[in-house]
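Before any comments, here is the structure.
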Amino acid sequence: MKTIGYAALSPSTPLAPFTFERRALRANDVAMEILYCGVCHSDLHTARNDWGWTQYPAVPGHEIVGRVTHVGPDVTRFRVGDAVAVGCLVDSCQECDHCHQGEEQFCTNGRTDTYNAPDRITGENTYGGYAKHLVVREEFVLRVPDTLTLAHVAPLLCAGITTYSPLRTWNVGPGSRVGVIGLGGLGHMAVKLAAGLGADVTVMSRTNSKEADALSLGADRLLVSSDSAAMAAAQSHFDLIIDTVPVKHDVNPYMSLLKVDGTLVLVGQVGPLAEPTTVPLILGRRRIAGSLIGGIRETQEMLDFCAKKQILPDCEMIRMDQINEAFERMEHADVRYRFVIDMASLPAPSAQ
Ligand code: NAP
Ligand code: ZN
């Protein structure tokens, strides 16, 4: 199937229109027209080759909402016309212990990311959701609950699950105290989801410019991370801190804010950290951990939880041709709080 998207052709050039083929439907595949795609900071890291493993052309996008247009003969759970979603994963072995436990992101034989990864069967580079159409095997397609507004669902597929998963792993609930470092796409979902789970939530931001937003998103307070007196007053306060900062930074000022046995969980994919010291770790049996998106079962659980609680991201809708400006704004933390591309703005290949 011929389709059109936007691709990065090199680390230093703007994304540009790119026509390509989606694979012919395999027996267990679902084909969809993409309606909306969220813009994650990982898309920007990939387009710019920040992690050193980008294959060009690169079509980013892993917060995808669409409508089913075709299904393969073995597909049982979806029909033409269904509202569906796809996140960061499109395949895994389905046979290892992690896949059996519903944690395909840790597949022993290698998960397949929605973009910039080799297809398990053909080895071709996967292309993501900055496009008009997508073909994905049934097991990696999520059902969008009817009560969620479709145009706002997309960011749940990465920002939502990436913050929901650590909240569930560390058993956050009423009485938990959660801190969120960085109020961007992931950060604002962490606030909404932690508040939805009943936790007391503190945003830690570099300035107080997002204070009113933090409170209206459901946080109980905003702590300015550069205010050393306020940071000192928050010592030994948190059970869990989710760190969403997308660049190399110093985690030491946050460690002593954790209670005994508290955990700082990093989700920002930043490579080396500035030197962490052992002192607060040892004195409070504190931990630094990481977390990677979430499995398909947990992603569906998160979508159903959001439907039940009516939790939706705050989205700024853009046209596909505004993506380069959106990247630039995201780089300067100027997004409130997730860009979502309306794919109706991208003409189908036949109309060109
Ligand atoms: P984002 O929307 O750009 O938000 C990042 C926030 O971090 C900003 O709003 C800002 O908050 C803060 N920040 C930005 N630059 C900073 C700097 N130089 N120093 C300190 N704080 C800074 O990004 P995102 O989409 O939420 O993604 C965040 C990170 O998570 C990225 O690295 C992304 O690749 C990664 N990620 C990981 C996973 C996973 O599975 N682990 C999944 C998705 C994304 P304030 O203005 O409030 O300070
Ligand atoms: Zn993402």
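The values are calculated or read from the model by the stated rules, or taken from the named source; none is laboratory data. Fair warning: this is a prediction, and the values are worked out from it, not measured in the lab. Heads up, the Cβs are rebuilt from the backbone with ideal geometry, glycines too, and the neighbour counts pull from every protein chain shown. Surface accessibility is based on the protein's heavy atoms, side chains included, excluding ligands, DNA and RNA. Shrake-Rupley method; radii C 1.70, N 1.55, O 1.52, S 1.80 Å.
Couple of notes before you dig in:
- Which listed residue, of L148, L142, is within 16 Å of ligand 2 (Cβ to nearest atom), under 20 Å from K308 (Cα atoms), out of contact with any Asp or Glu (no Cβ under 8 Å at 6 or more places or on another chain) and touching a residue at least 60 places away in the same chain (Cβ under 8 Å): L142
- The residues on offer are S256, S226, and the sole one that is away from ligand 2 (no atom under 16 Å from the Cβ), of a type outside the set (A, V, I, L, M, F, W, C) and within 26 Å of E331 (Cβ to Cβ) is S226.
- Screening region 181-212 for residues that are within 15 Å of the chain's Cα centre (by Cα) and hydrophobic (A, V, I, L, M, F, W, C) and picking the one that is nearest to ligand 2 (Cβ to nearest atom) gives L186.
- For region 47-68, residues that are within 16 Å of ligand 1 (Cβ to nearest atom) and closer than 26 Å to T149 by Cα total 5.
- Only one of S209, S236 that is open to solvent by 30 Å² or more (accessible area, probe 1.4 Å) and farther than 23 Å from A159 by Cα: S236
- Yes/no for I311 being within 15 Å of ligand 1 (Cβ to nearest atom) and surrounded by 14 or more Cβ atoms within 10 Å (Cβ to Cβ): no
- Scanning region 168-215 for residues that are more than 22 Å from M231 (Cα to Cα) and free of Cβ contacts under 8 Å to residues at least 12 places away in the same chain yields a single hit, N171.
- Filter result for G268 (in contact with a Cys (Cβ under 9 Å, 6 or more places away or on another chain), within 16 Å of ligand 2 (Cβ to nearest atom) and closer than 19 Å to L156 by Cα): no
- Of the set (1) more than 15 Å from ligand 2 (Cβ to nearest atom); (2) touching a residue at least 60 places away in the same chain (Cβ under 8 Å); (3) within 24 Å of P246 (Cβ to Cβ), all apply to T299 but (1).
- Residues of region 5-61 satisfying the condition of being among the charged types (D, E, K, R) and open to solvent by less than 10 Å² (accessible area, probe 1.4 Å): D29, D43
- Subset of region 69-105 [open to solvent by less than 70 Å² (accessible area, probe 1.4 Å), more than 16 Å from ligand 1 (Cβ to nearest atom) and under 21 Å from L148 (Cβ atoms)]: T69, F78, G81, D82, A83, V84
Quick grid of which residues meet (1) at pLDDT below 95; (2) touching a His at 6+ places or on another chain (Cβ under 9 Å); (3) open to solvent by 40 Å² or more (accessible area, probe 1.4 Å); (4) within 18 Å of S291 (Cβ to Cβ):
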| site | (1), (2), (3), (4) |
| --- | --- |
| T162 | no, no, no, yes |
| R168 | no, no, yes, yes |
| M189 | no, no, no, yes |
| G218 | no, no, no, no |
| A229 | no, no, yes, no |
| I242 | no, no, no, yes |
| V245 | no, no, no, yes |
| G262 | no, yes, no, yes |
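- Residues of region 322-339 that turn out to be surrounded by 14 or more Cβ atoms within 10 Å (Cβ to Cβ) and free of Cβ contacts under 8 Å to residues at least 40 places away in the same chain, as a count: 2
- No other residue among V265, V224 is within 14 Å of ligand 1 (Cβ to nearest atom), at negative phi and within 24 Å of the chain's Cα centre (by Cα) apart from V265.
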